[in-house]
Amino acid sequence: MSLLANPFRNRVVNGDCTEVMRQMAPGSVDFILTDPPYLVNYHARDGQTVANDNNPDWLEPAFREMHRVLKDGSFCISFYGWNKVDLFMHAWRKAGFRIVGHLVFPKAYASSVRFLKSQHEQAYLLAKGDAALPATPLSDVIDWSYTGNRLHPTQKPVSVLRPFIDTFCQPGGVVLDPFCGSGSTLVAASAARRDYVGIELEVRHCRTAQLRLHS
Ligand SMILES: C[S@@+](CC[C@H](N)C(=O)[O-])C[C@H]1O[C@@H](n2cnc3c(N)ncnc32)[C@H](O)[C@@H]1O
């Protein structure tokens, strides 16, 4: 893949992901692994919030661009907020993705308690076009590991992300995370010797991701 087709290869780009992806060529990434805002108006115990977690305006344009920049026959894994699944599902289908799997990540602890104790994360496996079956399929139930959210209020564990990169992106391929936060996906991609493109709206999270990748 030439630098012209993907000028952001191995970079963490600060900006709105829809705008940034518009500058990327069609089919210029091999796998998308992303953790967008869950649309739950999240407030951490220390008062930190997640940008765009209080409005769905970005959802359809962002997934439309993700589908465009992804290579045909490739995959996208997207975490999502379970109580906004209708909005996410509509955006994924409208963008052209096929829904090919669902992942559940049981947690040993409850992240909140209301009618039920919230003890799992969740993600969908989406495909663009006619994607081949993996040689060694992963389980769709994967134990979670707590990060402590020291680098980002909703930090994902690198150890949980890494097997997805090994399975769904060939060596030498490019992994995109358009909502990269502190860069957990990018750190996993780099450890797996894949190239990455990270996009993040908040400068402070971009800096954290860059520090993690270059330390
Ligand atoms: C759920 S967090 C991702 C956390 C990440 N997985 C980690 O381990 O650090 C979602 C991130 O998307 C960012 N974000 C929200 N809207 C965005 C947009 N339009 N473009 C780029 N980033 C955005 C937020 O600032 C936030 O850091």
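The values are calculated or read from the model by the stated rules, or taken from the named source; none is laboratory data. Predicted model, so just to flag it, every value in this text is computed and none were measured. Every residue, glycine among them, receives a Cβ derived from its backbone with ideal geometry; neighbour counts consider all protein chains shown. To get the accessible areas, we keep the full protein, side chains included, count just its heavy atoms, and leave off ligands, DNA and RNA. Shrake-Rupley method; radii C 1.70, N 1.55, O 1.52, S 1.80 Å.
May I have the extent of the alpha carbons of the range 11-197 along their three principal axes, as whole Å values ordered from largest to smallest?
Reported extents, whole Å, longest axis first: 42, 35, 30.
For the chain, what is the accessible area per residue in Å², given a 1.4 Å probe and the full set of protein chains? Present the calculation step by step, with values, prior to reporting the outcome.
Values: 10600 Å² over 215 residues.
Per residue, the chain has an accessible area of 49 Å².
Apply the Debye scattering formula to the range 2-83, with a single equal point scatterer on each alpha-carbon and no solvent, then give log10 I(q)/I(0) at q = 0.14, 0.18, 0.19, 0.27 Å⁻¹.
Per q value, in the given order, log10 I(q)/I(0) is -0.54, -0.84, -0.91, -1.42.
Return a whole-number percent for the relative contact order of the chain, with Cα pairs under 8 Å and 6 or more residues apart as the contact set. Each step should come with its number before you reach the end.
On the way: 439 pairs, mean separation 55.4, N = 215.
The value is 26 percent.
Check which residues have an amide H placed less than 5 Å from Ser182's amide H, if you skip close sequence neighbours.
Those qualifying (amide H under 5 Å, at least 5 residues apart or on another chain) number zero.
Too long at a 18 Å Cα-Cα cut-off: which of Lys107/Lys156; Lys94/Lys128; Lys84/Lys128?
Lys84/Lys128
Which residue fluctuates the most in the chain, going by a Gaussian network model with Cα springs under 10 Å, if the choices are Asp72, Asp46, Asp166?
So, out of Asp72, Asp46, Asp166, the one fluctuating most is Asp46.
Would you calculate, for the chain, the mean residue ellipticity at 222 nm contributed by helices, counting each DSSP H stretch of 4 or more residues as -39,500 (n - 2.57) and dividing by all residues, to the nearest 500?
The helix contribution divided over the chain gives -8000 deg cm²/dmol.
What is the spin-label model distance, in nm, from Lys84 to Val203 if the labels are put 7 Å beyond Cα along the C-beta direction?
2.6
Can you work out the FRET efficiency for the pair Gln170 and Val141, with r the C-beta to C-beta distance and R0 = 30 Å, to the nearest 0.05?
Here the calculated transfer efficiency is 0.75.
Could you look at the chain and say what percent of its accessible area is carbon and sulfur, using a 1.4 Å probe and all protein chains?
The value for the chain is 53 percent carbon and sulfur by accessible area.
When DSSP beta bridges are limited to those with both residues in the chain, what percentage is antiparallel, rounded to the nearest 5?
Percentage antiparallel, nearest 5: 50.
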